[in-house]
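Trainee: Below is a structure I'd like to ask you about.
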Amino acid sequence: MADDLKYGYKGAEPTQSFGNNTGVFDPNDINNLIADNKWTSFGQLELIETQTISSGSTLDFTDLGSYNVLFATGNNIETASSNTPVSIRVSNDGGSTFKANNYRYALQSGTTSGSFNEARSTSTTSMPYFTSDSPNKNRGAYCYMYNLQDSARYSFFTHQSIEEANMMFGSAVYAVAETINAIRFLTTNSNAWTGTISLYGIRYS
Amino acid sequence: MAGQLIQVATETVTSAVASVTLTGIDSDDVYMLAVSGIVSSASINGDLRVTTSGTADTSANYDYAMKGLRNDGGAFTNFSNTNQTTFTTAFAWSLFTTAGMTGNGIAYLYNFNNASEYSFISHEGVNSWQNGILGMQGGGVHTVAQACDGIQFSPSSGTISSGTFTLYKVV
């Protein structure tokens, strides 16, 4: 009977692993192997969602999938106001509220005119510089996010951004060990901004 | 289809090990290494080495330059050296063992499969330290023209008890 078969084999079943799947698979087999990180599937930078903001100051992602490492890109980001970087906050309640403390960061910036600066904080209200903060300057950025959905570990960030004459790279942490299930891109002074954010999961990371 | 990551190898550490080796680099594509959740048995730096035939190359041919970021008020640190036996301080810089504190990062690997060129790496990382964080952004070169088939991570001392390491081909 078919119920006696596993991957089309009767008795001893073949060992399955990424890049080495053997047998005949029904949909349940495939789903189970995907969940166990044993199914061969290429294209593992997986787009979760792309959102564009054209008004307002916040852009929320409430579906983070299930990944150890997330990756976000920001494109064509602009603000009309000075001192308005786009920052990141995290949520542990699905986006009902976003945490506004327990962030720490350090970053290096540099300009095309030769000015380089260090910035840091031991306690601040967000992961503060997904992008830099000059008015009416077009910006691009990316950020890797680590361990957000691990209840036993802090959430970490590494990031890099560029605007017309200013580069920036740095690291940050949300220093609370809890499960994060939503993130917000925002200006903490509530000034409006525009741009497109794409959130990806790095499958099997 | 362009613009994809293809998993080449992965290892999830769940008990103490002295190193993690990922192999499978067999093309001239760029490769990416994703690391998260490193927990160590002692305060460590992270070391990276290229592998040939699956074995780490420990020859003194590693050159690197890196900016160390810190949020505790201390000046940022420039790391640089030549003819070392490892790319040092990648993904973990004085990583503490306190609960919740982990080493994490991304590295891109260039020319590893090319026997006629040196192997290059660029990397970024972050870990907790005391009540702050330490960040790492830098690059390095292994000044031997040889084909390398992988990458090895090891703590500068002791072992690591946790962490997920995954190697991707970027196509």
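The values are calculated or read from the model by the stated rules, or taken from the named source; none is laboratory data. Owing to the predicted nature of the structure, the values given are computational and were not obtained by experimental measurement. Positions of Cβ are generated from backbone atoms using ideal geometry, with glycine treated the same way; all protein chains shown enter the neighbour counts. We work out accessible area using only protein heavy atoms, side chains counted, and drop any ligands, DNA or RNA first. Shrake-Rupley method; radii C 1.70, N 1.55, O 1.52, S 1.80 Å.
Trainee: If I build a Gaussian network model for chain A, linking alpha-carbon pairs within less than 10 angstrom, which residue out of A:N21, A:N76, A:N102 has the largest mean-square fluctuation?
Mentor: Per the Cα network of chain A with a 10 Å cutoff, A:N21 tops the list.
Trainee: Still on this structure: Given the C-alpha centroids of the range A:59-101 and the range A:105-137, what is the distance between them in whole angstrom?
Mentor: 17 Å
Trainee: Go through A:F18, A:G65, A:N76 and say which Cα lies farthest out towards the positive end of the charge dipole of the range A:1-81; charges sit on Cβ, +1 for Lys and Arg, -1 for Asp and Glu.
Mentor: Positive-end residue among those listed: A:F18.
Trainee: Same structure again: Starting from the 7 Å offset along Cα-to-Cβ, what nm value, one decimal, do you get for the label separation of B:T77 and A:K137?
Mentor: With each label placed 7 Å out from Cα toward Cβ, I get 3.0 nm.
Trainee: With just the Cα atoms defining each centre, how far is the range B:121-138 from the range B:47-61? Give it in Å.
Mentor: Taking the Cα centre of the range B:47-61 as reference, the centre of the range B:121-138 is 22 Å away.
Trainee: For the range A:67-159, what is the charge dipole size about the Cα centre, in debye to the nearest 20, if Lys and Arg each add +1 at the Cβ and Asp and Glu each add -1 at the Cβ?
Mentor: For this selection, approximately 100 debye.
Trainee: Just to be sure I understand: if you take the accessible area of chain B alone plus chain A alone and subtract the pair, with a 1.4 Å probe, what total do you get in Å², rounded to 100?
Mentor: For chain B against chain A, roughly 3000 Å² becomes buried.
Trainee: On to the next question. Mind checking the dipole of the range B:1-160: about its Cα centre, +1 per Lys or Arg Cβ, -1 per Asp or Glu Cβ, Debye to the nearest 20?
Mentor: Dipole size: approximately 460 debye.
Trainee: With springs only between Cα atoms under 10 Å apart, run a GNM on chain A and tell me which of A:A80, A:A119, A:A177 wobbles the most.
Mentor: So, out of A:A80, A:A119, A:A177, the one fluctuating most is A:A119.
Trainee: What is the percent carbon and sulfur in the accessible area of the range B:13-170, measuring with a 1.4 Å probe over the protein chains and ignoring ligands?
Mentor: C and S fraction of accessible area: 45 percent.
Trainee: Any idea of the accessible area per residue across the range A:1-103, 1.4 Å probe, to the nearest Å²?
Mentor: Accessible area per residue, the range A:1-103: 55 Å².
Trainee: In whole percent, and with a 1.4 Å probe on the protein chains, what portion of the accessible area of chain A is carbon and sulfur?
Mentor: The computed percentage sits at 43.
Trainee: Same structure, new question: Based solely on C-alpha atoms, express the radius of gyration and the Dmax of the protein assembly as shown in angstrom.
Mentor: Rg, Dmax (Cα atoms, Å): 21.1, 75.
Trainee: Here's something else I'd like to know. Mean residue ellipticity at 222 nm from the helices of the protein assembly as shown, using -39,500 (n - 2.57) per DSSP H segment of n ≥ 4 over the full residue count, to the nearest 500 deg cm²/dmol?
Mentor: -500 deg cm²/dmol
Trainee: Another question, then. Using 7 Å Cα-to-Cβ label points, what is the A:Y7/A:E49 separation (nm, one decimal)?
Mentor: Between A:Y7 and A:E49, the label points sit 3.6 nm apart.
Trainee: Compute, for the protein assembly as shown, the length of the dipole vector about the Cα centre, with Cβ point charges of +1 (Lys, Arg) and -1 (Asp, Glu) only. Units Debye, rounded to 20.
Mentor: 840 debye
Trainee: Something else about it: Per-residue accessible area for A:Y204 at 1.4 Å probe radius, Å² rounded to 10?
Mentor: Per-residue accessible area (A:Y204): approximately 20 Å².
Trainee: Work out the FRET efficiency for B:S94 and A:V176 from their Cβ-Cβ distance, taking R0 = 22 Å, and round it to the nearest 0.05.
Mentor: Using R0 = 22 Å, I get an efficiency of 0.55.
Trainee: According to a simple spin-label model (label point 7 Å from Cα along Cα-to-Cβ), what is the distance in nm between A:S81 and B:E11?
Mentor: The modelled label-to-label distance comes out at 5.0 nm.
Trainee: I want to verify a result. In a Gaussian network model of chain A, Cα cutoff 10 Å, which of these has the top mean-square fluctuation: A:Q149, A:Q160, A:Q108?
Mentor: A:Q108
Trainee: If you count only protein heavy atoms with a 1.4 Å probe, what accessible area per residue comes out for chain B, rounded to a whole Å²?
Mentor: 35 Å²
Trainee: Counting alpha carbon pairs within less than 8 Å and at least 6 residues apart, what relative contact order, in whole percent, applies to the range A:1-144?
Mentor: Once divided by the residue count of the range A:1-144, the mean separation gives 22 percent.
Trainee: Moving on. Using θ = phi - 60° and the Karplus form 6.51 cos²θ - 1.76 cosθ + 1.60, what ³J(HN,Hα) does each residue of the range B:111-127 get, whole Hz, x for Gly and Pro?
Mentor: Once θ is set to phi - 60°, the couplings for the range B:111-127 become 6, 4, 7, 8, 6, 9, 10, 5, 9, 10, 9, 10, 8, 9, x, 7, 8 Hz.
Trainee: Now a separate question. When we measure straight from the Cα of B:K169, which lysines land under 22 angstrom away, once same-chain ones fewer than 8 places off are left out?
Mentor: Cα-Cα hits under 22 Å: A:K38.
Trainee: Count, for each residue of A:98-105, the Cβ atoms from other chains sitting within 10 Å of its Cβ, then give me the mean as a whole number.
Mentor: Mean shielding by partner chains, rounded to a whole number: 2.
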